[in-house]
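Note sheet for the following structure.
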Amino acid sequence: MRAVIQRVRHASVSIGGQVKSAIGPGFLILLGIEAADTREDADWLCRKIAALRVFDDADGVMNRSLTDVGGEALVVSQFTLMASYKKGNRPSYIRAAGHDIAIPLYEYFTQTLSGLLLQPVGTGEFGADMQVELLNDGPVTICMDTKNKE
């Protein structure tokens, strides 16, 4: 499971010109799921994201977490994060999980993160053509992969 976490002032996802979800200050999380991913991967990633200290404290030092600041989260499924580009110039998405694995794991991830943050988590729509808008704050962008936990 891979995530690209962006600290944002605000973010939204639209489908067909209609806003599906929008958040204020917090994290926009692009989430890629592969067939070998499990609920344990989702649990680990959600805990890391909720505790990631990249928000400024009173001294202007990145020392506060999303839970510390009461920030919001928007999670957008993005199978292209699982792209392999080793051969040629056309990415292969063979590692990306199919719908039967990815949809339940995506839903589990958003529910788990929502429980840790004690508030609803915004979502996109799995498999839809989405337009994502954000104002990256910092910019702060962190990449995490459950296959590289150490």
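The values are calculated or read from the model by the stated rules, or taken from the named source; none is laboratory data. Being a predicted model, the structure only gives us computed values, none of them experimental. Positions of Cβ are generated from backbone atoms using ideal geometry, with glycine treated the same way; all protein chains shown enter the neighbour counts.
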> Across the range 31-66, which residue is surrounded by the fewest Cβ atoms within 10 Å (Cβ to Cβ) among those that are touching a Lys or Arg at 6+ places or on another chain (Cβ under 7 Å) and of a type in the set (Lys, Arg)?
Replying inline: ARG53
> Is one or more of the residues making up the range 34-49 within 18 Å of SER77 (Cα to Cα) and in a strand (DSSP E or B)?
Replying inline: yes
> When only residues in the range 54-99 that are free of Cβ contacts under 8 Å to residues at least 24 places away in the same chain and either acidic (Asp, Glu) or not in a loop (DSSP other than H, G, I, E, B) (or both) count, which is farthest from PRO25 (Cα to Cα)?
Replying inline: SER92
>> Of the residues THR110, THR123, only one is free of Cβ contacts under 8 Å to residues at least 40 places away in the same chain, touching a strand residue (DSSP E or B) at 6+ places or on another chain (Cβ under 6 Å) and under 22 Å from PHE27 (Cβ atoms); which?
In response: THR110
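Confirm whether ILE142 is within 24 Å of PRO25 (Cα to Cα) and touching a strand residue (DSSP E or B) at 6+ places or on another chain (Cβ under 9 Å).
Yes; evaluated as a whole, the condition is true for this residue.
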> Is it true that ALA128 is closer than 25 Å to ILE15 by Cα, assigned to a loop (DSSP other than H, G, I, E, B) and among the hydrophobic types (A, V, I, L, M, F, W, C)?
Replying inline: yes
>> Just the residues that are of a type in the set (A, V, I, L, M, F, W, C), within 18 Å of ILE23 (Cα to Cα) and surrounded by 21 or more Cβ atoms within 10 Å (Cβ to Cβ), please, taken from the range 68-115.
In response: ALA73, LEU74, VAL75, VAL76, PHE109, LEU113
> Out of all the residues in the range 132-146, which are loosely packed, with under 14 Cβ neighbours inside 10 Å and under 9 Å from VAL13 (Cα atoms)?
Replying inline: GLU133
> Could you say whether any residue in the range 40-54 is modelled with pLDDT of 95 or more and farther than 18 Å from LYS149 by Cα?
Replying inline: yes
